[in-house]
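*Asks:* This is the structure, below, for whatever I ask next.
The values are calculated or read from the model by the stated rules, or taken from the named source; none is laboratory data. Bear in mind that the values here come from a model prediction, so they are computed numbers and not experimental data. Note that we place each Cβ from the backbone using ideal geometry, even for glycine, and neighbour counts take in every protein chain shown. Just so you know, the surface numbers come from the protein's heavy atoms only, side chains and all, with ligands and any DNA or RNA stripped out. Shrake-Rupley method; radii C 1.70, N 1.55, O 1.52, S 1.80 Å.
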Amino acid sequence: GDAGRDGVFLPYFGVQASLTDLPVRLAADTGAPLVAAFCLKGPDGRWRTRAEPIPVPAGADAAARHAVLARWASLLEAEVRAHPEQHVWNHRRWRTRPARTPANLGGSP
């Protein structure tokens, strides 16, 4: 969901979206696996689960965590694009906007 101003802003469908990096931080700190999982209804009406592990370096710094989070977001976006009829999102995904800074306004810092 939208992680508010404390989130990491990464592209999702071409628009900066606020994402929480909590699952990535937990995986980096504990060694727990991070898995992107998707449940999709097949043509036969049966549900199928697809899971893809996402490697997280132990003790990952912020840049490495953000790269992992970007990978997760790209996997989610690809699944939504492949199966838009099965996508449900029940909140305003892009509610929180990045702070207006010279860097994201195209100006110099």
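*Asks:* Does Ala58 fit the bill of being assigned to a loop (DSSP other than H, G, I, E, B) and not hydroxyl-bearing (Ser, Thr, Tyr)?
*Replies:* Numbers: assigned to a loop (DSSP other than H, G, I, E, B): yes; not hydroxyl-bearing (Ser, Thr, Tyr): yes.
Yes; evaluated as a whole, the condition is true for this residue.
Residue-by-condition table, conditions (1) open to solvent by less than 60 Å² (accessible area, probe 1.4 Å); (2) charged (D, E, K, R); (3) under 19 Å from His83 (Cβ atoms); (4) modelled with pLDDT under 95:
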| residue | (1), (2), (3), (4) |
| --- | --- |
| Val8 | yes, no, no, yes |
| Tyr12 | yes, no, yes, yes |
| Ala17 | yes, no, no, yes |
| Asp21 | yes, yes, no, yes |
| Leu34 | yes, no, no, no |
| Pro57 | no, no, no, yes |
| Ala62 | yes, no, no, yes |
| Arg65 | yes, yes, no, yes |
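*Asks:* Filter the range 38-50 for residues that are under 15 Å from Leu75 (Cβ atoms) and surrounded by 10 or more Cβ atoms within 10 Å (Cβ to Cβ) and give the result.
*Replies:* To start, the set of residues in the range 38-50 that are under 15 Å from Leu75 (Cβ atoms) comprises 38-40, 49-50.
Across the range 38-50, the qualifying residues are Phe38, Cys39, Leu40, Arg50.
*Asks:* Kindly indicate the residue of the range 71-90 that is open to solvent by less than 40 Å² (accessible area, probe 1.4 Å) and either of a type outside the set (A, V, I, L, M) or in contact with a Leu (Cβ under 7 Å, 6 or more places away or on another chain) (or both) and also modelled with the lowest pLDDT among those meeting that condition.
*Replies:* Narrowing the range 71-90 to residues open to solvent by less than 40 Å² (accessible area, probe 1.4 Å): 73, 75-77, 79-80.
Filter once more, so that each one left must be either of a type outside the set (A, V, I, L, M) or in contact with a Leu (Cβ under 7 Å, 6 or more places away or on another chain) (or both): 73, 77, 79.
Numbers: Ala73: 91, Glu77: 94, Glu79: 94.
Restricting to residues being open to solvent by less than 40 Å² (accessible area, probe 1.4 Å) and either of a type outside the set (A, V, I, L, M) or in contact with a Leu (Cβ under 7 Å, 6 or more places away or on another chain) (or both), the top hit is Ala73.
*Asks:* Confirm whether Arg93 is part of a loop (DSSP other than H, G, I, E, B), open to solvent by 70 Å² or more (accessible area, probe 1.4 Å) and modelled with pLDDT under 90. Break it down into steps so the answer makes sense when it comes.
*Replies:* On the way: part of a loop (DSSP other than H, G, I, E, B): yes; open to solvent by 70 Å² or more (accessible area, probe 1.4 Å): no; modelled with pLDDT under 90: yes.
When the stated conditions are applied, Arg93 does not pass them.
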